Structure formats: structure tokens, C-alpha cells
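The values are calculated or read from the model by the stated rules, or taken from the named source; none is laboratory data. Remember, it's a predicted structure, so these values are computed and weren't measured experimentally. A quick note on method: Cβ atoms are made from the backbone with ideal geometry, for glycine too, and the neighbour counts reach across all protein chains shown.
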């Protein structure tokens, strides 16, 4: 076993109805004025009424920035930072999906650091401590409420830039599955497969350690047992709770282990084609698993078992390959396209996709050594449906 470190400073509060108690939970951690970062749909649909009422009940001064968009760009971040400064906010909470929470982290960082968020690409390059940041997820997928990273699209190059710093861990994450009960099946599927991708890639990562692997394989098992139920019976509170916790566990795991080729490639799809991150991950996952199977068959056998595959009559290699079919079948059951061509990926951009994918640090921790030619082959296989 290699030596490893493990650092996780985020406090977790989990329970049905906690969003309506958020004011009391947050108040001991707040300063003068809170910035709530969310999207226009959430801000206007009434889902967060209990959350906002709890802030008012505790006399917490707050402002709402609701300009978040999917795959947030640096332009959105600049608007949010300007809004924070204009309203003299000094603490930040992201409420919503991963885009809202990532934007909140970016605002917290750029409120105290000079230049552009793009200047801080990579690991632990922030010059000054960000403002305190908190998170309430309303989807079960990104795990951004418990990770040390944030992602923004460079509008000039269409590259999704990843910024990682231990200072970006939210101080408090509030999980309230009642906020996810109204998610449409398509969002449940996309975010659920995003969480599964996090869990699997974390488990097989070269940088995984015993703690991250225990969390990751637990998340795989929980998702395997609950995602279909959450998709087909969205009002099932227990399934929703398990999916929200599984997403959190997977986030805690990959915050330590990083991810792999799925994320290296899928980030290019988000930047170049503005494809939703979870859908991109889901469609790519079987093809990357097929590529990785020869390099980590024992770990993928563990994943197969966690997903409910009966591997007793299989060899290790057969069990590893069974994961590919299991994930492809799950995608089909959830209505997720079998090829990236159906998502709108255009192979005319293949050189840029390969170049941008190889720039990702996730390639370095993928369990199978990966070259640019390998990335090209994975993308073309995923485009043509070749498993």
C-alpha cells in the first residue's frame, strides 16, 4: 500500500426538511451579508421558498444572484463577482446543481484573488483564501458540495478549465432530498449517471486510496440499488435520499483520487458543444470502461458485484467486461443515448477534443496508460457505437 494523505474539512448536515432550517444552520458561520448563487429557474419556481424564509427568520441579510447557466463560463463568473462586490456580500452559498455550486466557489475565490479564474488552473494556485462558501445541492450527481474543485469554460478557447484547491471545500453542505423529489426523469438519469461515473472512476483511479475506495464502492452499490427507482418513481423519498448521499460519497471520494478518461473527454464536450456534463459522462462511460478493463480487471469485478452482477461463474476478466454491458443496459433503461453522435458531437472537432482531453490531469490517473491516439479511438468508438 502506498503512503497517502486524506483531508476533508466539509461539515455535512443531512435530512429531509433541512433546507427550511438552513438559516439556523448557517447563522453561526456567517459574517455580514450572504450571497445566494443559483439559477433563474430555481429562483422563480418556489422550491427554495422554505430556504429563503429560514434566512429571513434568522435576520440574515442576503442577496440573490440567479444568472447561473449550465457549463458556466468565465463571463457568468465575472457577472457574479461584480454582483457580490456591488452588494458588499462576504459569504457565499451555492444552491442548485453543480453549475450553481461551482459558480459559488468561483465567486468566493475571485472575491479575494486578482486576475481571472483561468489564471489559477491546476492544483492549489490560489494566492489568497476565498470567502467562506457553503452548498445545498438540488440534484444528485455532481458532488460539488463536497469537492475542492470548480470548473469554468474559457469562452475564447472553449476549454473547460479546472481549478483545484483545498481552500475551495465548502465549509458546510446541507443535503435535503425533498429538494430533489420534483426532478424530471431526464435530469434524474443524467445526474445519477454522473454520480456513478464519479464513483467508478474514483475507485479505479491510480491515485485512489483505501478511504476513497471504500466511499466510492459504497456509492456504486447505493446507486445500483436506487437509481432506477428514483428514475421510474421520482416521489420515492428513500431512493432520492440514497441517491443524494451516494452523490456526496462519490464526491468525497474523487476529491481525493481525481477521476479518469471519461471526465478528461466529457469536459471537452461541455466546452465545445455545450453538452450537459452528466449526459456526456453517461454516454462515454461504457467505452472508457471497455478501454480500461484490461488494466484493472480486479477493481472492475468489484464494481460489477456492487452493481448487482452475479460474477460467481465468471473469470476476473469476464466480470470486468460484464461491467461494460451492465452500464450500457443501465443507460438504455434511463433513456440515455448509446452514442455521442446522438448528443451532437461532431468529429470535425476531433483534433481539438483530443488535444483538450490530453491536457486534463485526469488522464494521468486513469488506470490504463493513455495516449492521444487512445483518446481519439475512444471518441470515435463512442461516436460509432463500437464496444
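Worth a mention:
- Criterion (modelled with pLDDT of 95 or more, crowded, with 17+ Cβ neighbours inside 10 Å and over 18 Å from the mean Cα position of the chain (by Cα)) met by exactly one of 132, 114: 132
- Residue 245 meets each of the listed conditions (1) more than 19 Å from the chain's Cα centre (by Cα); (2) surrounded by fewer than 24 Cβ atoms within 10 Å (Cβ to Cβ); (3) not in a loop (DSSP other than H, G, I, E, B) apart from (1).
- Enumeration of residues in region 309-322 that are under 28 Å from residue 188 (Cβ atoms) and either under 21 Å from the mean Cα position of the chain (by Cα) or free of Cβ contacts under 8 Å to residues at least 12 places away in the same chain (or both): 310, 311
- Single match in 153, 157 (criterion: surrounded by fewer than 17 Cβ atoms within 10 Å (Cβ to Cβ) and more than 14 Å from the chain's Cα centre (by Cα)): 157
- Boolean, residue 197 is within 28 Å of residue 306 (Cα to Cα), assigned to a loop (DSSP other than H, G, I, E, B) and under 13 Å from the mean Cα position of the chain (by Cα): no
- Of the residues in region 317-332, not one is closer than 19 Å to residue 140 by Cβ and part of a loop (DSSP other than H, G, I, E, B).
- Test set (1) over 30 Å from residue 15 (Cβ atoms); (2) not in a helix (DSSP H, G or I) - residue 94 fails condition number: (1)
- Count of residues meeting criterion [out of contact with any helix residue (DSSP H, G or I) (no Cβ under 8 Å at 6 or more places or on another chain) and either farther than 26 Å from residue 49 by Cβ or in contact (Cβ under 8 Å) with a residue 60 or more places away in the chain (or both)] in region 175-185: 1
- Test: residue in region 227-234 that is within 30 Å of residue 364 (Cβ to Cβ), assigned to a helix (DSSP H, G or I), over 15 Å from the mean Cα position of the chain (by Cα) and not assigned by TED's automatic domain parsing to the domain that holds residue 73: yes
- Residue check, residue 20 more than 21 Å from the chain's Cα centre (by Cα), over 30 Å from residue 272 (Cβ atoms), modelled with pLDDT of 95 or more and surrounded by fewer than 17 Cβ atoms within 10 Å (Cβ to Cβ): no
- Verdict on residue 179 being buried (at least 20 other Cβ atoms within 10 Å of the Cβ), modelled with pLDDT of 95 or more, under 21 Å from residue 233 (Cα atoms) and touching a strand residue (DSSP E or B) at 6+ places or on another chain (Cβ under 6 Å): no
- Strands (runs of 3 or more DSSP E) enclosed by region 123-174 - at least 1 residues per element that are under 25 Å from residue 49 (Cβ atoms): 133-137
- Only listed residue being buried (at least 21 other Cβ atoms within 10 Å of the Cβ), touching a residue at least 60 places away in the same chain (Cβ under 8 Å) and farther than 30 Å from residue 346 by Cα, chosen from 290, 306: 306
- Any hit, region 200-216, residues being under 16 Å from residue 139 (Cβ atoms) and not assigned by TED's automatic domain parsing to the domain that holds residue 146: no
- Filtered residues of region 26-57 (kept if touching a helix residue (DSSP H, G or I) at 6+ places or on another chain (Cβ under 7 Å) and assigned to a loop (DSSP other than H, G, I, E, B)): 38, 47, 48
- Taken over region 352-376, the criterion of being in contact (Cβ under 8 Å) with a residue 60 or more places away in the chain and in a helix (DSSP H, G or I) is satisfied by 352, 353, 356, 357, 358, 359, 362, 363, 364, 365, 374, 375.
- Residue check, residue 214 surrounded by 24 or more Cβ atoms within 10 Å (Cβ to Cβ), part of a helix (DSSP H, G or I) and free of Cβ contacts under 8 Å to residues at least 40 places away in the same chain: no
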